[in-house]
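Each value in this text was obtained by applying a stated rule to the coordinates, not by laboratory testing. This structure is a prediction, so every number in the text was calculated from the model and none was measured. Don't worry about glycine lacking a Cβ; one is built from the backbone with ideal geometry, like all the others, and counts go over all protein chains shown.
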Amino acid sequence: MAPTYVVGFPGSPSDGFRGSARRFMSNPSDIAALKAGLRRQALARRAAMAPEARASASRAAAERALPLLRDAGGPVALFSAIRGEIDPAPLAEALSRAGIATALPVVSGRAVPLVFRRWTLGDRLDPDPLFGIAQPRAEAPLLVPAAILVPLAAFDRKGGRIGYGGGFYDRTLAGLDPRPLAFGYAFACQEVPRVPMESHDVPLDMVITQDDVISCSAD
């Protein structure tokens, strides 16, 4: 028998939407379809941002993130921005000035957790073998991050996150012990009322945008 999931559809007052009632779904494909719709809407809002607004928001988010990451007590894993994501470069510069080591994720296979290699601005990067995303070279030392900045397509205030469907960060966070702090890093326009969560989804601890620092709770 297929597992049953409880999901709030757009319009459900009990789940931060307005209109329709809360619904039980036994078909995971229904959840996938709902996530796809939320992802599409959030990415459209992100794509509509002007270049000047993106740059300003990236700088503002870095200012909000720095004190939190300074308190994390260890290296910070950033990400190489793709598809119009918030730019981590201003934050990388601030972390470097603060003497905090930084890393980038390394992809080695579709169903393999990420590892993190030391990286600072200006280091040479190579495209990963699956998606062509810039990542550190093989000779860069491995680091165990105390905090991971997690890229995303959409997020909610309970720590729900919609990525791009590969499951890399869920798989990675679930396998790390002790688990690093997971900070969603995104533009404010990517917020949605509620992300439908499945058993394999790992919630974020916090979300940082240009407008806010959101302490997430699954309660």
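A few comments on the model shown:
- Helix 28-47 and the longest principal axis of the Cα set of the chain meet at an angle near 50°.
- Rounded to the nearest 500, the helix-only mean residue ellipticity at 222 nm of the chain stands at -8500 deg cm²/dmol, with each DSSP H run of n ≥ 4 adding -39,500 (n - 2.57).
- Using θ = phi - 60° and Karplus 6.51 cos²θ - 1.76 cosθ + 1.60, couplings along segment 207-213 (whole Hz; Gly, Pro as x): 10, 10, 10, 5, 9, 7, 10
- The amide H of Ala103, built 1.01 Å from its N in the peptide plane, has Val76, Ala77, Leu78, Trp119 as neighbours under 5 Å, considering only residues 5 or more places off or on other chains.
- Here is the list for segment 64-162: trypsin sites (Lys or Arg not before Pro) lying in DSSP coil, each with at most 14 other C-beta atoms within 10 angstrom of its C-beta, are Arg83, Arg110, Arg124, Arg137.
- DSSP bridge orientation in the chain - percent antiparallel, rounded to nearest 5: 55
- Segments 144-151, 101-108 sorted - mean Cβ within 10 Å per residue, highest first: 144-151, 101-108
- Computed from backbone phi, the HN-Hα couplings of segment 171-182 come to 5, 5, 5, 5, x, 8, 9, x, 6, x, 5, 10 Hz, rounded to whole numbers (Karplus: 6.51 cos²θ - 1.76 cosθ + 1.60, θ = phi - 60°; Gly and Pro given as x).
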